[in-house]
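Data first, discussion second: the structure below is written as structure tokens.
Values quoted throughout were computed directly from the atomic coordinates according to the rules given, and no laboratory measurement underlies them. Being a predicted model, the structure only gives us computed values, none of them experimental. Don't worry about glycine lacking a Cβ; one is built from the backbone with ideal geometry, like all the others, and counts go over all protein chains shown.
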Amino acid sequence: MRRPSLYEHLKVLREAGLVSEQRSGRQRIHRLEAAPLAEVQDWLQPYERFWRGRLKDLGALLDRMPDDGVT
């Protein structure tokens, strides 16, 4: 990835509050801001539990189905 593209991505992440930037002379140090991601994870948790259960049920159903040998 070229530097201008990288900085464009970092700019979007910075504007979203997911990355912070500290300048030190000519260097720019970027840090991940994990707190917003924890909020997203908390919001998604009920859906994850729902889909994890559904996929487990699907796997159990597929395990019970006879294997007809067709691939």
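Please name all residue pairs, on different chains or six or more residues apart, with Cβ atoms under 8 Å, provided the first residue is in segment 6-32 and is among the aliphatic types (A, V, I, L, M) and the second residue is in a helix (DSSP H, G or I).
Ala16/Pro36; Leu18/Pro36; Leu18/Leu37; Val19/Leu10; Val19/Leu13
Just wondering, is there one or more residues in segment 3-24 that are assigned to a helix (DSSP H, G or I), loosely packed, with under 10 Cβ neighbours inside 10 Å and polar (S, T, N, Q)?
Taking segment 3-24 first, the residues assigned to a helix (DSSP H, G or I) are 3-15.
When the remaining residues are screened for being loosely packed, with under 10 Cβ neighbours inside 10 Å, the result is 3-5, 15.
Keeping just the survivors that are polar (S, T, N, Q) gives 5.
Within segment 3-24 (the criterion being assigned to a helix (DSSP H, G or I), loosely packed, with under 10 Cβ neighbours inside 10 Å and polar (S, T, N, Q)), the answer is yes, since at least one residue qualifies.
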